[in-house]
Amino acid sequence: MNSGLFDLATIILIATALGIAARVLKQPTVLAYLIAGAVIGYFGLFHLDNKATFQMFSDLGIMFLLFLVGMEINYTSLRLVGKVSLIIGLGQIIFTFAIGWLIALLFGFSQLPAAYIAIALTFSSTIIVVKLLSEKRDLHSLYGKISIGMLLVQDFVAILILVLLTGIQMGDGFSWAGVMFTVLKGVVLFALMLWLGRKVLPLIFDRIARSQELLFLTSLAWAFLVVALVDRVGFSLEIGGFLAGIALANSSEHFEIASKIKSLRDFFIVIFFVILGSSIIFSSFDGLSFPILIFSLFVLIGNPLIILVLMGVMGYRRRTAFLCGLTVAQISEFSLVLAALGLKLGHIAEPIVALITAVGVITITLSSYLITYSNEIFRIFSPYLRIFEKKNAKDDHVPDMEYRKPIVLIGCHRTGQSIAFNLPKQDVLIVDADPEIIQQMKQDGYAVLFGDITDSEVFEKANFADSKLIISTSPDLEDNLFILSELNKFKNNNSEAKAKIVLRAEDEKEAKILYDNSADYVLLPHFTSGRYLGKILEEGNNDGKILETLRDRDLSLMQKLHGENAMHKI
C-alpha cells in the first residue's frame, strides 16, 4: 500500500476507535482525537515524509470549519453582538496580556520571553471552541455568538502580531504604517464580502439551486476562491474561510450548503487534532512543571474571570457571562505558531516553546470538559456568581416580567416556527436562546422570553403554573431530560399544574427514553409528518384539491419563514 494511504488509514482507524470509546464513555470527541495524535506520535506511526500532505488536510478542516461558522453569522447576528464581541475581545486581550506578563516576570523570565508567554496566553482556540459549541448545538445561542465574535477578534489581533513578527524576520522592522495597512485590508475585505453577499451571490446561487451537485461545487469553488484571495493579501485561511461563509450567510440556500459541507469538515478537522496531539510527544518539559501549572491555572480560571467581570460590567446576566468565559479557558493554535516564530527569530529559547506547548495541551484538554459540561458546572456555581451580576442586569430581549400563557414553546427554529405559526398568537409564549429568533418572533407579535430554559431564572419567568401545554423542539436529549425532570418536579410540588409535555427526539431510542421518563408525547418528525399527511389525505377522500390547499399553505409559510429569496427556487 502507498505509504501516504497507509498513514491516512492508520490515523482514521485510531481516531475512529478512540472516538467511539469517547462517545461510549460520554467524553469530548476532541479529546479522543488529541489522544490519537499522541499515540501516533509516540509509536512513530506518523511519517514525516507525508507531514506536508496531512498539514494540507488539517488546513482544509480549519477552512471548512470557519466557513460554516461564517454562514451561521448573518447580518442580524453581526448587528446584535458585533459591538459587544469587539469590546469584550479587546478587553480580554489587554487584561490577560498584562496579568500574564506580570506572572512571567515573577517567575524570573526576562521581558521579551515574558511578553511572548503573555501573548500566547491571550489567544483562545476558535477551532476547538467552534467544534465543541457545534456538538452542543449552542452556536445559535447568545453566548455562542458573542464567544465566536470575541474569538475572531482575537484571531485578527493574532494575525497582526504575526504579520509584524514576519516583517521583523525579513528585516523590515516595526512599522505603524504596516499595521494600519493590514487593518485597512481587513476592513475592505469584510465590506466586500458583505456587499457580494447582498448583491451578487444570491443571483448566482438562486439560479443553480435546483442542481444539488452544482450547488455543492459552486460553494466549494467560492470558498477556495476567497481563501486564495485572502492568502494573497496576507491573511490566514481561518479568516478566508470565515469571510467566504459570511458572504453566504443570508442566502436562502445556506442550510443546504451547510449540510453538504459538514461531512468534509468532520473528516479533515480530525487530521488537525491528530497533528496537534502528535506535537505533544516531541517537546521536553524538564524544570518547567511549576510555571506550567500556574500558567495553566491562569488560563483555566483567570481568563473566564476576566470575561465574567467585563460582561458583568456591561450588564449581562451571570449565566451568559459564565458560559462565554469558559470558551476562552484554553490557548490557541496561533499561540504555538507564535512560539515557533519567536524561536526562529531568536527571541525565545526552546524551553519557552515547550512551556507554551504544555500549557496548550493541558488547557485544551481540560477546557473541552468545561465547555462540554458548562451548563452543569453553572448550576453548581450559580449562587456564588451573583457578585458578577448587576442588580438590574438583563440580556437583550429579556423583559423583567413573568408570563401567563397556556402554551409554552421551547425552541423556535424551523420546526418550532412551523408549530408557532399554526397556533393562536395570544396563547403562545416562545422561549429561545437565539436572539435573532426572539427578535423575529417578537416582530411577528408573539410573546417571547429570551434565554435557555435550563437557566433557573428563565424557568421561573416562564410561569408554568398557568400552562396547559409545554412543547420543546430541541433535538438535544440531555436538555429534554432536564426539562422533563424539572417540569415533573414542578408538577409534583404544584397540585394545580397539569400541563401536558411534548418533547422532540432524534430517533426511536431517544423517544423510548423520554417516554420512560413520563413524557406525554414525543415528537419524531418522520413519524408525525407521515401520520399528518395520511390523515389529511384520508379526510380529503384522496381528492387532489387537498394537495393544492396544502401546497398553497406551505408556500405561504415558507415565504413567511425565509422571505422572498426562498421563493425564487420554487
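The values are calculated or read from the model by the stated rules, or taken from the named source; none is laboratory data. What you are looking at is a predicted structure, and each value in this text was computed from that prediction instead of being measured. Ideal geometry is used to build each Cβ from the backbone, glycine not excepted, and the neighbour counts take in all protein chains shown. We work out accessible area using only protein heavy atoms, side chains counted, and drop any ligands, DNA or RNA first. Shrake-Rupley method; radii C 1.70, N 1.55, O 1.52, S 1.80 Å.
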| said: Tell me the net charge near residue 237. Cut-off is 13 Å between Cβ atoms, residue 237 excluded, with +1 for each Lys or Arg and -1 for each Asp or Glu. | reply: -4
| remark: Here the relative contact order (percent) of the stretch 214-276, from C-alpha pairs under 8 Å and at least 6 apart, is 29
| note | Using alpha-carbon positions, the gyration tensor of the stretch 288-365 gives root eigenvalues a ≥ b ≥ c; with a/c under 1.5 called rounded, otherwise prolate if a/b exceeds b/c, else oblate, the class is prolate
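Just to confirm a number: summing +1 for Lys and Arg and -1 for Asp and Glu over residues other than residue 193 whose beta-carbon lies under 14 angstrom from that of residue 193, what do you get?
Residues near residue 193 contribute +3 overall.
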| task | Mind checking the stretch 477-527 for trypsin sites (Lys or Arg not before Pro) that DSSP puts in a loop (not H, G, I, E or B) and that have at most 15 other Cβ atoms within 10 Å? | result | 498
| field | residue 314 accessible area, assembled protein chains, probe 1.4 Å, Å² | value | 70
| query | In terms of solvent-accessible area of protein heavy atoms at a 1.4 angstrom probe, what is the ranking of 195, 101, 222, highest value first? | reply | 195, 101, 222
| said: Not counting ligands, DNA or RNA, and with a 1.4 Å probe, what is residue 227's accessible surface area in Å² rounded to the nearest 10? | reply: 20
| task | Leaving ligands, DNA and RNA out of it, rank 386, 553 by accessible area with a 1.4 Å probe, largest first. | result | 386, 553
| remark: Taking 347, 526 and ranking on accessible area (1.4 Å, protein atoms only), highest first, one gets 526, 347
